[in-house]
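Reviewing the structure listed below.
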Amino acid sequence: MCGIVGVIGVKNANQEIFDSLTYLQHRGQDAAGIVTSDGHEFYLRKSNGLVREVLRSRHMLHLRGHMGIGHVRYPTAGSSGRSEAQPLYVNSPYGIVLAHNGNLINVSELKTVICQTDLRHLNTKSDSELILNVLARELAVFQEKSLTPEQIFQAVSKVHKRCEGAYAVVSLINGQGLLAFRDPHGIRPVCYGVKQTPEGPAYMVASESVALNALGYKLCDDIKPGEAIFIDMNGKFHRQQCANNTSYSPCLFEYVYLARPDSMIDKISVYKVRLKLGDYLAKKIQQSWPYHKIDVVMPIPDTSRVAAYALALHLNLKYREGLFKNHYIGRTFIMPGQLERKSSVRKKLNAIDLEFRGKNVLLVDDSIVRGTTSKEIIQMAREAGAKKVFFASAAPKVCYPNVYGIDMPAANELVAHQRSTAEICQVIQADDLIFQDLDDLVLAVREGNTEITRFEDSVFTGEYITGDVTTEYLTALSEKRNDAKRQREMIENKKMQLDLYNEDD
């Protein structure tokens, strides 16, 4: 889960990209970066940290030009070092910068071919650099000073043939224009919009529509699976399907947790999906828990708020905000170590005793992943005086790791993996527990766009839509995501950050 943005045709691209990235900050808090161009040179600033920390006034003054791309990152299976921050750059051919959201499956094979056959050098552990080098290699075939849109789309079609997995990509090709494309399954989201300026039409590409809306762009469309768009230096828009076999299969977890509720993804309102999830969960509670006396419904902020409100309304129960969030603490889902996750929950949330004292409380969360946060919050509710604490998940059981760009842990770290609902309830120490049904989640999302017949639902089903995820791959991924290893990496990264603390970069 990362956030990408690209703009072309605006007077000061740096400010447009900065503002857009702040609207996409929820998609990555590990690193941020911007590259701009005046049509001749690239100007880059990237580092670890939040957007406002990485991009100071002195950096913004340096980022000149009328087009550019930006990225907010959270680390997946690779390192979270500063060298992994995006956008990434390669000087040949033309000079290309690229930002990517997603995760490739065939990394080992690609590395071998890129290094031994294409004779290109890799400087990071990032799979985004693999996509960048594949694109560069396919563009180099033409050996022309000025590329046509058809040649660029041919190169993208070769990228689709060589790269397997999930990828939403935005790229600047020096002297040519802005390119964006999406994998043949459309797993990770990306959309584009346009606005009129005194100089002519300006275009923006972004992971979520909220970035476009906030900056006055009219949402035109989502980039379809396998499709690419290209805006040349004259502001002319080009669009083409670049893959032979496509399936419209966006990630279900975007609607559950990842995306902002005020975004539209693949013509589906995230807000409306979450309302429906509350309705469907309420119906299941009516059928499954007729014997429970619930006094009040409370969301675990922030992503469960919409579903919890709809649930309370449907059940004619009081809705209360009993937990308040410190927004200066990052998402615990993203934090790399189990110890850091546990210690951060109480820093992030504070319970209002009077809302809990003497009541049977139904806590609603968007999902349960490791169960660590859920257990801590339930304990907080009891300490605040709750008589009973029931727990509801707006998503089905998360039983399997994600391989397409969401850093879900290894299967044995997922609390729902090979456990019944009763066993999970015991682990998190709730008085009772209920999960959304997968069929209801699919129905809630499909109501917004009936053209989509299948979703990427591997975290719930263990079925990987690209069809190339082997047991060996999952075992290797599990090792990379091992909490102990990541804890060591986190310590090393903190040491590196301390070494760089006084560097004026």
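The values are calculated or read from the model by the stated rules, or taken from the named source; none is laboratory data. It should be emphasised that the depicted structure is a prediction, and the values quoted were computed from it without experimental measurement. Cβ sites come from the backbone with ideal geometry, for glycine too, and all protein chains shown count toward neighbours.
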For this session: Inspect all residues belonging to segment 351-362 and state whether any of them is outside any strand (DSSP E or B) and among the polar types (S, T, N, Q).
Result: no
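Residues checked against (1) in a helix (DSSP H, G or I); (2) of a type in the set (Asp, Glu); (3) more than 21 Å from ASP439 (Cβ to Cβ); (4) in contact with a Gly (Cβ under 6 Å, 6 or more places away or on another chain):
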residue	(1), (2), (3), (4)
CYS220	no, no, yes, yes
GLN240	no, no, yes, no
ALA243	no, no, yes, yes
TYR257	yes, no, no, no
PRO261	no, no, yes, no
LEU277	yes, no, no, no
TYR280	yes, no, no, no
Seminar exercise, completed: Note on GLY200: of the conditions (1) modelled with pLDDT under 95; (2) within 26 Å of ILE406 (Cα to Cα), unmet is (2)
Seminar exercise, completed: The residue that is farthest from the chain's Cα centre (by Cα), considering only those in segment 200-254 that are small (Gly, Ala, Ser) and more than 27 Å from ILE465 (Cα to Cα), is GLY200
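If the requirement is being out of contact with any strand residue (DSSP E or B) (no Cβ under 8 Å at 6 or more places or on another chain) and more than 27 Å from GLU254 (Cα to Cα), which of these qualifies: ARG58, ARG52? So that I can check it myself, show each step before the final result.
Details: ARG52 fails: more than 27 Å from GLU254 (Cα to Cα).
Exactly one of ARG58, ARG52 is out of contact with any strand residue (DSSP E or B) (no Cβ under 8 Å at 6 or more places or on another chain) and more than 27 Å from GLU254 (Cα to Cα), namely ARG58.
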Problem set entry | Any hit, segment 262-272, residues being without any contact (Cβ under 8 Å) to a residue 24 or more places away in the chain, of a type in the set (Val, Ile, Thr) and within 16 Å of LEU24 (Cα to Cα) | yes
Exercise. Among the residues of segment 387-402, is any touching a strand residue (DSSP E or B) at 6+ places or on another chain (Cβ under 8 Å), surrounded by fewer than 21 Cβ atoms within 10 Å (Cβ to Cβ) and outside the structural domain of GLY28 (by TED's automatic domain parsing)?
Worked result: yes
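What are the residues in segment 1-16 that are under 20 Å from the mean Cα position of the chain (by Cα) and closer than 18 Å to LEU61 by Cα, if any? Let's see the steps before the verdict.
Residues of segment 1-16 under 20 Å from the mean Cα position of the chain (by Cα): 1-7.
Correct list: VAL7 only.
Given the structure, is GLY193 surrounded by fewer than 24 Cβ atoms within 10 Å (Cβ to Cβ) and within 23 Å of GLU254 (Cα to Cα)? Before the answer, list the steps.
Values: surrounded by fewer than 24 Cβ atoms within 10 Å (Cβ to Cβ): yes; within 23 Å of GLU254 (Cα to Cα): yes.
Yes.
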Exercise. Mind checking whether some residue in segment 222-234 is surrounded by fewer than 22 Cβ atoms within 10 Å (Cβ to Cβ), without any contact (Cβ under 8 Å) to a residue 40 or more places away in the chain and not assigned by TED's automatic domain parsing to the domain that holds ILE352?
Worked result: yes
Exercise. Within segment 404-417, is there a residue that is within 20 Å of ARG305 (Cβ to Cβ), hydrophobic (A, V, I, L, M, F, W, C) and in the same structural domain as TRP289 (by TED's automatic domain parsing)?
Worked result: no
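Any residue at all in segment 100-113 that is more than 23 Å from ILE406 (Cα to Cα) and in contact with a helix residue (DSSP H, G or I) (Cβ under 6 Å, 6 or more places away or on another chain)? It would help to see each step written out before you state the result.
Our first condition is that a residue be more than 23 Å from ILE406 (Cα to Cα); within segment 100-113, this holds for 112-113.
This time we only want the ones that are in contact with a helix residue (DSSP H, G or I) (Cβ under 6 Å, 6 or more places away or on another chain), so: none.
No, that holds for no residue.
Can you name the residue in segment 276-325 that is hydroxyl-bearing (Ser, Thr, Tyr) and more than 17 Å from ASP365 (Cα to Cα) and, of all such residues, is modelled with the highest pLDDT?
Among those that are hydroxyl-bearing (Ser, Thr, Tyr) and more than 17 Å from ASP365 (Cα to Cα), it is SER288.
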Problem set entry | Criterion (of a type outside the set (D, E, K, R) and touching a Gly at 6+ places or on another chain (Cβ under 9 Å)) met by exactly one of THR148, THR197 | THR197
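Looking only at strands (runs of 3 or more DSSP E) that fall completely inside segment 1-107, which ones have 3 or more residues that are in the same structural domain as THR124 (by TED's automatic domain parsing) and in contact with a Lys or Arg (Cβ under 8 Å, 6 or more places away or on another chain)?
Values: elements: 3-8, 31-37, 42-48, 67-73, 88-90, 96-104.
By residue number, 31-37, 42-48.
Among the residues of segment 140-161, is any among the polar types (S, T, N, Q), part of a loop (DSSP other than H, G, I, E, B) and surrounded by 24 or more Cβ atoms within 10 Å (Cβ to Cβ)? Spell out how you get there, then give the answer.
Within segment 140-161, the subset among the polar types (S, T, N, Q) is 143, 146, 148, 151, 154, 157.
Right, trim to part of a loop (DSSP other than H, G, I, E, B) and you get 143, 146, 148.
Then drop every residue that is not surrounded by 24 or more Cβ atoms within 10 Å (Cβ to Cβ), which leaves none.
No, that holds for no residue.
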